[in-house]
Amino acid sequence: MYTIQEINRISDASFIQIFGGVFEHSPWVAEKTLMAKPFLSFDHLYQTMVHTVEETTNQKKLALIKEHPNLGDRVQMSENSVNEQENAGLNQLTEKEYKQFIYMNQSYMDKFGFPFILAVRGKNKDEIYQSMVERVKNEKEEEFHQALAEIYKIALLRLEEVIIKDSFTTN
């Protein structure tokens, strides 16, 4: 883990290497965020990353959303996603559960045009499935914003694995 002081001293290439996967397959977030160095705190870095996404076009936000894998799917995904889904038990679905997840993922994708996104840490497969069932009833704009909110939660959790949260700088 790094302190915020260490993050402020690393090269741009190292910054992108460390933070390029915080937002799924979207190193552009880290590339744009590093221009705000030095960061005053963990929260400053996190809020800057969120602001980077918020200030981009809806088209780029949609592309970010689409970088996320379907939950419970048996496809190649980032190491972060693999770990997050394994911890939620999504790698141990029965055949029936797997078919239910595939069906809900497809229903969601058909309705919204992007994958169902949920910060799964601390949730089990039943809670995740129930969220899918409930959220597929929403309107597209609401789900677009909900997907981004979930992405921000995922990013926060991923950052917490890399940075000592209460490290501050006086610069």
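The values are calculated or read from the model by the stated rules, or taken from the named source; none is laboratory data. Fair warning: this is a prediction, and the values are worked out from it, not measured in the lab. So basically every Cβ, Gly included, is an ideal-geometry build from the backbone, and we count neighbours across all protein chains shown. Just so you know, the surface numbers come from the protein's heavy atoms only, side chains and all, with ligands and any DNA or RNA stripped out. Shrake-Rupley method; radii C 1.70, N 1.55, O 1.52, S 1.80 Å.
Here is a list: Lys153, Lys111, Lys99, Lys123. Which entry is part of a loop (DSSP other than H, G, I, E, B) and open to solvent by 30 Å² or more (accessible area, probe 1.4 Å)?
Lys123
Limited to the range 126-144, what total is found for residues that are free of Cβ contacts under 8 Å to residues at least 60 places away in the same chain, in a helix (DSSP H, G or I) and open to solvent by less than 70 Å² (accessible area, probe 1.4 Å)?
Qualifying residue count, the range 126-144: 6.
Which residues, counting only those in the range 5-36, are under 18 Å from the mean Cα position of the chain (by Cα) and basic (Lys, Arg)?
Result: Lys32, single match.
From the set of residues in the range 77-96 that are outside any helix (DSSP H, G or I) and either buried (at least 16 other Cβ atoms within 10 Å of the Cβ) or modelled with pLDDT under 70 (or both), which is nearest to the chain's Cα centre (by Cα)?
Ser78
With touching a residue at least 40 places away in the same chain (Cβ under 8 Å), in contact with a Lys or Arg (Cβ under 9 Å, 6 or more places away or on another chain) and closer than 21 Å to Leu64 by Cβ as the only criterion, which of Phe112, Phe116 stands out?
Phe116
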